[in-house]
Structures are given as structure tokens and as C-alpha cells.
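First up is the structure itself, then whatever we jot down about it.
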Amino acid sequence: MMILIEVIMWFVVILLTVLLVTAVRKIAVQYARRTVAGDIQNVAGSRDYIPLKLNAAGVMPIIFAQAIMFLPVALAQKFPALSSLQDINGLWYNVIFALLIIIFSFFYTAITVRTDEMAQGLKRSGGFIPGIRPGKDTADRLDSVLSRITFPGSLFLAALSILPAIVVQFGVQQSWALFFGGTSLIIMVGVAIDTLQQINSYLLNRHYDGLMKTGNSNRKSSK
């Protein structure tokens, strides 16, 4: 019975990890009327959206946090009062680890997702967020939304990273507990999702090519 519960929990964790990897906040974008040179094509009021990922930093905050955690462990070896930091399943080790992940999530997202460049790109292409002026106001809006969604994303990422240490406290073996979270699980889910997307793109292209060949053969036969 206990094994069945652990397997069910594992599948739930995988499902939540998939949601973390794929979750996005869609920012509606409006494009003004423009003329495409050559084909003279008018596009009036076309709509699109900017997808801002809930976890834009991926696994990098976990990697950075793991690297920094060598410092408190080294200090614990010299100062007996900090000996609890040597236990990777201990309370204070995982509290510090989770805080570092949250901090690095904001830091890495801020340096990789350039909202000012996104705003300038929208302005050059004639796009704007309804009710928001192009340029700096758009960049501030994108930055505000990104900050709000990064916080819950970083909390979930931190919780997922320390989950193995939590389930160990409930009697799960250390070797099996590693499958309940951490860098390996997020990478595995990310690679699986990316592979499925690549397969879907390949099948869609093959299907489109097949339709094009069928259409060409029908036109030739009609002639």
C-alpha cells in the first residue's frame, strides 16, 4: 500500500513539474495597420500575445544554489555550532537552499529576459499592449508582470527542489526520494516536452508537405 501511495505521489509531482515548465502568462498585443512592401497587404488590428514563462530561469537557480551551498557546509566543518548545515535532509540546510533558489530565480530572470528589448521590438514592429504607451511604459508593464509571476514560480521551484528531503522524513528511502524533485526531474520533464514538441513540428511539416503534393497533383490532373 505504501509503495502505491509513493508511486501516485511521484506521478502527481511529475504532473506539477510539467505545469511549471509549460506555464506561461500571455500578454495581449495589438498591431496597428501596416503595409507589407511588394505584396501590398493591409493588416488592421491583428492580435497576438507575448508568452512570459512562469519559470523563465529553468534549472539554473538550483544549480547556482547548489554551488553556493558548499560554503555553509565548509563553514559547518570548522564551526561545530553549524554542524546541522552538513545534513542535506536537515531543516536549516533546506531553508537556506530554498531561499537561495528564490533569490537566484529573480536574478537569472532579470538578466536573461530583457523586457526593455522586448518593448523596443514591439515598438519597431508597430505593436503595443492595449492601454499601455509604447516604449518605457510597455517595458515597465512587462517587468511588473514578469516579477509577479516569477515569485510563485520560484516558490514552486524551491519546493520541488527540497521535496526529496521532505519525503525522506515520511519514511521514503533516500535512493527513491531523489526521484521526487530536484534538477534531474526538471531536466527530464523539460527534455521530454521539448522532444514531443519537435515530433509534433515534424509531423505537422510532413502533413503540410503531403497536402501540398496532393494539391499540386490534383491541379496537374485537372489540366
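The values are calculated or read from the model by the stated rules, or taken from the named source; none is laboratory data. Just so it is clear, the structure is predicted and the values come from calculations on it, not from any experiment. In this analysis, Cβ positions are derived from the backbone assuming ideal geometry, glycine residues included, and neighbour counts consider all displayed protein chains. All accessible areas refer to the heavy atoms of the entire protein, side chains included, with ligands and DNA or RNA removed. Shrake-Rupley method; radii C 1.70, N 1.55, O 1.52, S 1.80 Å.
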Quiz prompt | Among PRO130, VAL167, ILE101 - extreme Cα towards positive end, dipole of the stretch 98-182, charges at beta-carbon | solution = PRO130
Quiz item: Check VAL29: other-chain or 5+ apart residues with amide H under 5 Å from its amide H, H built from backbone geometry?
Solution: ASP48, TYR49, ILE50
Exercise. Could you look at the stretch 58-177 and say what percent of its accessible area is carbon and sulfur, using a 1.4 Å probe and all protein chains?
Key: 67 percent
